[in-house]
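The next block holds one structure in the form of structure tokens; read it before the comments.
The values are calculated or read from the model by the stated rules, or taken from the named source; none is laboratory data. All figures in this text were calculated on a predicted structure; none of them were measured in a lab. Cβ sites come from the backbone with ideal geometry, for glycine too, and all protein chains shown count toward neighbours. For the accessible areas, the whole protein counts, side chains as well, though only heavy atoms, and no ligand, DNA or RNA atoms are used. Shrake-Rupley method; radii C 1.70, N 1.55, O 1.52, S 1.80 Å.
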Amino acid sequence: MDDAARKALLRRGFALEYATLGWNVAGIVVLALAAVAARSVALAGFGLDSLIEIGASTVVIWELSGTGQRRRQQALRLIGYGFAALAVYLLAQSTVVLATGYHPGHSAVGITWTAVTAAVMFALATGKARTGRALANPVLATEGRVTLIDGILAAAVLLGLALNAALGWWWADPAAGYVLVFYAAREVREIFAGGH
């Protein structure tokens, strides 16, 4: 690959990460308000996932700005630690909600935001995967998988919120939290096992 092509791919990688950052910063505000209003563990967990995605995008921007295997390994570990923290929080919070039988409220804003977020994250993940492969950059490719998981999680949270709103299945909200735990734990295992 010539230098001009590499620079174009790097610019695309930065653009994808900045778009992810912007979306997730807005998402934290929207999700925090919706989670408090509905008292929803799934929305709160998804807001934390947005915070982790912000951290992951920041790590990728830092890694794309430099070079070296050591920097790449540090970047992957930082992303893994963020996912581990998310998994622990969600496991505890979802368990408490199920054990106490707490019934979250409905959130039209949360439903709308998670639906749009799923579509946006799937598009960004596709762009990051292609760009990461073209650059032979495992950090960008891994963060693309993080973004894909973010889209899957948005879909899972959306399902939980919709079931709660439409059918009164209050347990669907913390169940969506457990889905997030599963994906976060899987990503942690793959990162620290060197699977990326």
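Here are some notes:
- Qualifying residue in the range 95-116 (condition: buried (at least 16 other Cβ atoms within 10 Å of the Cβ), assigned to a helix (DSSP H, G or I) and modelled with pLDDT under 80): yes
- For the range 1-34, a residue qualifies if it is open to solvent by 30 Å² or more (accessible area, probe 1.4 Å), within 18 Å of the chain's Cα centre (by Cα) and acidic (Asp, Glu), but none of them does.
- Residues located in the range 82-94, provided they are in contact (Cβ under 8 Å) with a residue 40 or more places away in the chain and either among the aliphatic types (A, V, I, L, M) or surrounded by fewer than 18 Cβ atoms within 10 Å (Cβ to Cβ) (or both): Ala84, Leu86, Ala87, Leu90, Leu91
- Of the residues Val157, Val179, the single one that is modelled with pLDDT under 85, surrounded by 23 or more Cβ atoms within 10 Å (Cβ to Cβ) and assigned to a helix (DSSP H, G or I) is Val157.
- Residue within the range 59-77 that is open to solvent by less than 30 Å² (accessible area, probe 1.4 Å) and not in a helix (DSSP H, G or I) present: yes
- Ala37, sole failed condition from (1) assigned to a helix (DSSP H, G or I); (2) open to solvent by less than 50 Å² (accessible area, probe 1.4 Å): (2)
- Among the candidates Ala44, Ala15, residue that is part of a helix (DSSP H, G or I), of a type in the set (Gly, Ala, Ser) and closer than 22 Å to Pro104 by Cβ: Ala44
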